[in-house]
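Colleague: Could you have a look at this structure, given as structure tokens, before my questions?
The values are calculated or read from the model by the stated rules, or taken from the named source; none is laboratory data. Values in this document were obtained by computation on a predicted structure and should not be read as measured data. Every residue, glycine among them, receives a Cβ derived from its backbone with ideal geometry; neighbour counts consider all protein chains shown. For accessibility, only protein heavy atoms count, side chains too; no ligands or nucleic acids. Shrake-Rupley method; radii C 1.70, N 1.55, O 1.52, S 1.80 Å.
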Amino acid sequence: MAAEVRREALVKSGVRKWEAVREFALGLPEAVEDHPWGPEDCVVKVNKKIFVFLGDADGPGAPGLSVKLKDEALHGHAMAAPGAEPTGYGLGRSGWVSVPLAEKGAPSVQVLCEWVEESYRTVALKRHVKELDARTGAEG
């Protein structure tokens, strides 16, 4: 019983993280949500290129995300997260990492958003990155 309660709490925490990461991703310059394989498969794109696979927070599986991390340090950090693995369908060979959000010790929202931003930067056009840098420079 206690294990079920802990698992349920982890899933709820994972859903909250999923929602926060989705909101962050959609706040990036010209980012748009899409459901290319149906309502249960949420992705966020910029310039028609996916930079984060979010899946479905309400589905039968635990929430998670996949991001493209070319920076070796970030990629290594992501791969060290509990339950992390190279993304399937051969995407892992290109630096994509899948990270479950409902695991004990899962990364914080702040870390996840850093990874999403890095993934965004790898696929965005230069003008998008320049706009993002102008935003963050104005805030910092």
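Colleague: Is there a residue being in a loop (DSSP other than H, G, I, E, B) and either open to solvent by less than 60 Å² (accessible area, probe 1.4 Å) or at pLDDT below 95 (or both) anywhere in region 13-22? Walk me through it before giving the result.
Modeller: We begin by selecting, within region 13-22, every residue in a loop (DSSP other than H, G, I, E, B); these are none.
Scanning region 13-22 turns up no residue that is in a loop (DSSP other than H, G, I, E, B) and either open to solvent by less than 60 Å² (accessible area, probe 1.4 Å) or at pLDDT below 95 (or both).
Colleague: With the structure loaded, tell me whether Gly92 is without any contact (Cβ under 8 Å) to a residue 24 or more places away in the chain, open to solvent by less than 40 Å² (accessible area, probe 1.4 Å) and either of a type in the set (Gly, Ala, Ser) or in contact with a strand residue (DSSP E or B) (Cβ under 9 Å, 6 or more places away or on another chain) (or both) or whether it fails that test. Spell out the reasoning first.
Modeller: Values: without any contact (Cβ under 8 Å) to a residue 24 or more places away in the chain: yes; open to solvent by less than 40 Å² (accessible area, probe 1.4 Å): yes; either of a type in the set (Gly, Ala, Ser) or in contact with a strand residue (DSSP E or B) (Cβ under 9 Å, 6 or more places away or on another chain) (or both): yes.
It is true that Gly92 is without any contact (Cβ under 8 Å) to a residue 24 or more places away in the chain, open to solvent by less than 40 Å² (accessible area, probe 1.4 Å) and either of a type in the set (Gly, Ala, Ser) or in contact with a strand residue (DSSP E or B) (Cβ under 9 Å, 6 or more places away or on another chain) (or both).
Colleague: Further, regarding this structure: Can you find, within region 23-41, the residue that is most open to solvent (accessible area, probe 1.4 Å) among those that are outside any loop (DSSP other than H, G, I, E, B) and touching a residue at least 60 places away in the same chain (Cβ under 8 Å)?
Modeller: Per the criteria, the residue is Phe24.
Colleague: For region 59-89, which positions are in contact (Cβ under 8 Å) with a residue 40 or more places away in the chain and either within 21 Å of Val11 (Cβ to Cβ) or of a type in the set (A, V, I, L, M, F, W, C) (or both)?
Modeller: Initially, region 59-89 is screened for residues in contact (Cβ under 8 Å) with a residue 40 or more places away in the chain, giving 62-65, 67-71, 74.
Listed by number, the residues that qualify are Ala62, Pro63, Gly64, Leu65, Val67, Leu69, Leu74.
Colleague: Then there is this: Please go through region 23-67 and pick out each residue that is under 23 Å from Ala81 (Cβ atoms) and in contact with a Cys (Cβ under 7 Å, 6 or more places away or on another chain).
Modeller: Phe24, Leu54, Gly55, Asp56
Colleague: Next question. Given the options Lys104, Lys126, Lys130, name the one that is among the charged types (D, E, K, R), touching a residue at least 24 places away in the same chain (Cβ under 8 Å) and out of contact with any strand residue (DSSP E or B) (no Cβ under 7 Å at 6 or more places or on another chain).
Modeller: Result: Lys104 is the single residue among Lys104, Lys126, Lys130 that is among the charged types (D, E, K, R), touching a residue at least 24 places away in the same chain (Cβ under 8 Å) and out of contact with any strand residue (DSSP E or B) (no Cβ under 7 Å at 6 or more places or on another chain).
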